[in-house]
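Input: a single structure, listed below in structure tokens.
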Ligand SMILES: [Fe+2]
């Protein structure tokens, strides 16, 4: 099957031609989609009516192993019964919308900060695939920032000065910046992980800045200098020229490369409107799959 991509932004993001990903099993088409990810870092697929099982199965075909520690597990069991699929919804287990003061809603609000999925775990998250199951009649958006072009736009001296830096990523840190409080027991499950500040796509060799809200401090640097550097770089990556806003339609599937982008959910009237999304994230294991 031939898939083509239509660019949606000058430097990244494309929409794929019509395809039913549930039916994509052949190595050639899967590799064509991986090449699309190499080039665009974010791909939009319309009209993908996935069940949870079908979405997980596609993600395994695409990139091997699913990440089961993307954060919310520390708060207790998901209503979906597996940690391999994340419930990105404003719906409680009883089917009602979250109350404004619900602790799970407060936790989910952290997704409105620029972030990369599971950067606070080792291995981190690689590809995330977010499926829109129920989309409200009001505009709802997720924004993406191009961390590759932003890296390439830095001057040589800056690129050299940050090349070998390492950063501690912690979801406890990022959630606490919004006033969310973890119990000691929850915190113990979320120690964080150290990641390079500059990461390289193992398939293409292209580099990108790897940071955002979970980035808590620069290893071996004094706290204030490290945090100032991280803020400056996050501000740089999220300059408007590097940002694309995806407007959700029902049955959209958006795949993004967490090593090449940052993203954030945008606000909507979530006390009135139901929105149900499912996200699967693959483990960053470059050799988990055989690539052509
Ligand atoms: Fe996310």
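Things to note:
- Residue list for region 131-166, filter: within 16 Å of the ligand (Cβ to nearest atom) and in a loop (DSSP other than H, G, I, E, B): 140
- Filter result for residue 174 (within 19 Å of residue 258 (Cα to Cα), within 16 Å of the ligand (Cβ to nearest atom) and part of a helix (DSSP H, G or I)): yes
- Any hit, region 122-130, residues being within 16 Å of the ligand (Cβ to nearest atom), part of a strand (DSSP E or B), in contact (Cβ under 8 Å) with a residue 12 or more places away in the chain and over 22 Å from residue 284 (Cα atoms): no
- Each residue in region 234-269 was checked for being away from the ligand (no atom under 16 Å from the Cβ), in contact with a strand residue (DSSP E or B) (Cβ under 6 Å, 6 or more places away or on another chain) and in a helix (DSSP H, G or I), and 1 of them qualify.
- Qualifying residue in region 281-289 (condition: crowded, with 19+ Cβ neighbours inside 10 Å and touching a helix residue (DSSP H, G or I) at 6+ places or on another chain (Cβ under 7 Å)): yes
- Number of positions in region 180-192 that are assigned to a loop (DSSP other than H, G, I, E, B) and free of Cβ contacts under 8 Å to residues at least 40 places away in the same chain: 3
- Given (1) within 12 Å of the chain's Cα centre (by Cα); (2) at pLDDT below 95; (3) outside any loop (DSSP other than H, G, I, E, B), number of the condition residue 70 does not satisfy: (3)
- The set of residues in region 88-110 being surrounded by fewer than 18 Cβ atoms within 10 Å (Cβ to Cβ) and within 13 Å of the ligand (Cβ to nearest atom) consists of 109 alone.
- Any hit, region 271-291, residues being part of a loop (DSSP other than H, G, I, E, B), within 15 Å of the ligand (Cβ to nearest atom), more than 26 Å from residue 26 (Cβ to Cβ) and under 17 Å from the mean Cα position of the chain (by Cα): no
The values are calculated or read from the model by the stated rules, or taken from the named source; none is laboratory data. All values derive from a computational prediction rather than experimental measurement. Note: ideal-geometry Cβ built from the backbone for every residue, glycine included; neighbour counts use all protein chains shown.
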